[in-house]
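Everything below concerns the one structure shown next.
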Amino acid sequence: MNQRTCLAIILAAGDGTRMKSTLPKVLHKIGGREMAGHVMAAARGAGANRLALVVGNGAERVRAALSTTSENQPEIFTQEERLGTAHAVLAAREAIARGYDDVLVLFGDHPLLEPDVLASARTRLADGAAVAVLGFRPPAPTGYGRLIEHEGRLVAIREEKECSDAEREIGFCNSGIMAIAGKHALGLLDEVGNDNAKGEYYLTDIVEIANRRGLEVVAAEADNESALGVNDRVQLADAEAVWQQRRRRAAMLSGVTLLAPETVYFSYDTVIGADAVIEPNVWFGPGVRVGDGAHIYAFSHLEGATVESGAQIGPFARLRPGAEIMEKAKIGNFCEVKKSRVDAGAKIPHLSYIGDATVGAGVNIGAGTITCNYDGFGKHRTEIGPGAFVGTNSSLVAPLNIGAGAYVASGSVVTDDVPEDALVFGRARQTNYEGRARNVREKLSRSKP
Ligand code: UD1
Ligand code: MG
């Protein structure tokens, strides 16, 4: 099958009115990725060489969103008028006409689709079928097209509105996913008419057309999740829940310990190494990689960050984009790190903000230390050399270089570069006035109203 070429056409021209959103439906996200992105990834996973996305309203937004965030760049076709699923597929006529062995038709709002389900439909084409339809058995079939089989062949798909009472009893339904042999695709689609209850060009009609031509049409069974279409925000949340469940399971089976799996949120591209431990209520936004044996303590929030082997993060830590935490470094509670590299073994244990900085190997950053990286106009860098010690409650005013092995006294406001191994006091010297506390108290008590 690998030698067969494949075009996947993803239909996404629907208005998605039930989402009650200004955002086109297929751009709503599951696990940090657009629903259409999930469908495209499944198609790629099933061997599709080209992807065609058919959009209606919001074509520009879809194009912009998917061309910047998706590695699976689709060709985008616009369906000007919404005249039915067959009409939508024909919006990509130009792509179909290029000639592919297999044409997959998918819906953009089926984010739980898995590549193996699509691959099974392609296998049926390789075995000689002209059309392979993926059916499923929903708990409530109302609203779906019913698959009408005869002696192992699929003879028709009847839309609910056209069904006889007997046909409406059939539980095997059309998921909407179809594989069509490329050499027959345009011929079949061009014969579809719109003489039906909705006055639409039904893609499902190609089943009867193919049968009339003596072509083989088959139905394969898909799982209910692959066929789950998202129409409103409740279904979006349902799909997210199923997706997260799958993702957590995969992480655990690959050697990651999740102490309370149901509380950990993954993104589509989260990578976590073996023997990492993830405590409860951890959020992984897009672009996070966690190395082997790292420990992420409870209530940490990570996005666009790298955590190398054996590093410790949290509890209550926030790693923002560009945070690179190297081997065995430690970011403790209530610390925020942005666009900064924290080298091996460095420690930032409590209550710090480190932004636009490099923190050298073995550095210790005391509680409450802040890199003052923003002057209201631009961002500036702080470089801290290996082995330096920064005392608690220090303000490091960038741009700033603190040399290797330097020692910054607690409470310093450091505005000038510090040479290697220097001791720096960036604060007023303390003065003790013996016995004068009594004077102050007397004075204050006299002035009390
Ligand atoms: C369709 C199927 C039905 C199946 C069901 C599964 C047809 C005729 N019916 O019905 O057998 O059980 O899906 O969910 O195919 N779209 C366009 N342009 C159009 C029309 C639709 O892009 O002109 C897109 C929609 O955005 C959506 C998909 O095609 O992603 C399905 O359209 P929808 O109107 O939901 O079809 P159903 O009536 O649900
Ligand atoms: Mg539908």
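The values are calculated or read from the model by the stated rules, or taken from the named source; none is laboratory data. These figures come from a predicted structure and were not determined experimentally. All Cβ positions, even for glycine, are placed from backbone atoms using ideal geometry, and neighbour counts span all protein chains on display.
For this structure, a couple of remarks:
- Residue under evaluation GLY385, criteria (1) within 16 Å of ALA357 (Cα to Cα); (2) touching a Phe, Trp or Tyr at 6+ places or on another chain (Cβ under 6 Å); (3) small (Gly, Ala, Ser), criterion not met: (2)
- Every pair of residues 6+ apart whose Cβ atoms lie under 9 Å, when the first sits in the range 45-56 and is acidic (Asp, Glu) while the second is more than 16 Å from ligand 2 (Cβ to nearest atom): none
- The set of residues from the range 78-104 being under 22 Å from ARG61 (Cα atoms), of a type in the set (Gly, Ala, Ser) and in a helix (DSSP H, G or I) comprises ALA88, ALA95.
- Meets criteria (over 36 Å from the mean Cα position of the chain (by Cα) and more than 16 Å from ligand 2 (Cβ to nearest atom)) for VAL131: no
- Applying the condition of being touching a helix residue (DSSP H, G or I) at 6+ places or on another chain (Cβ under 6 Å), at pLDDT below 95 and under 18 Å from ARG122 (Cβ atoms) to the range 169-228 and asking which residue is farthest from ligand 1 (Cβ to nearest atom) yields ALA220.
- As a summary of the residue check, SER395 satisfies the conditions (1) under 22 Å from GLY345 (Cβ atoms); (2) within 38 Å of the chain's Cα centre (by Cα) except for the one numbered (1).
- Every residue from the range 135-158 that is in a loop (DSSP other than H, G, I, E, B), on the phi < 0 side of the Ramachandran plot and not aromatic (Phe, Trp, Tyr): ARG137, PRO138, PRO139, ALA140, PRO141, THR142, GLY145
- Top-ranked residue in the range 152-168 [being basic (Lys, Arg) and touching a helix residue (DSSP H, G or I) at 6+ places or on another chain (Cβ under 8 Å); ranked as farthest from VAL89 (Cα to Cα)]: ARG168
- Criterion (touching a residue at least 24 places away in the same chain (Cβ under 8 Å) and either among the small types (Gly, Ala, Ser) or over 17 Å from GLY355 (Cα atoms) (or both)) met by exactly one of GLY403, GLY411, GLY378, GLY391: GLY391
- The range 10-63: number of residues that are under 14 Å from the mean Cα position of the chain (by Cα), outside any loop (DSSP other than H, G, I, E, B) and within 16 Å of ligand 2 (Cβ to nearest atom): 4
- Residue within the range 199-217 that is closer than 19 Å to ILE148 by Cα and assigned to a strand (DSSP E or B) present: yes
- Restricting the range 138-150 to residues that are under 20 Å from LEU112 (Cβ atoms) and exposed (fewer than 15 other Cβ atoms within 10 Å of the Cβ), the residue that is nearest to ligand 2 (Cβ to nearest atom): GLY143
- Residue check for ALA119: of a type outside the set (D, E, K, R), assigned to a helix (DSSP H, G or I), assigned by TED's automatic domain parsing to the domain that holds GLY84 and under 15 Å from VAL105 (Cα atoms): yes
- Here PRO286 meets each of (1) under 25 Å from GLY366 (Cα atoms); (2) not in a strand (DSSP E or B) with one exception, condition (1).
- Test: residue in the range 105-113 that is within 15 Å of ligand 1 (Cβ to nearest atom), in a strand (DSSP E or B) and of a type outside the set (Phe, Trp, Tyr): yes
- Residue match in the range 128-135 (condition: of a type in the set (Val, Ile, Thr), in the same structural domain as LEU113 (by TED's automatic domain parsing), surrounded by 14 or more Cβ atoms within 10 Å (Cβ to Cβ) and in contact with a His (Cβ under 9 Å, 6 or more places away or on another chain)): yes
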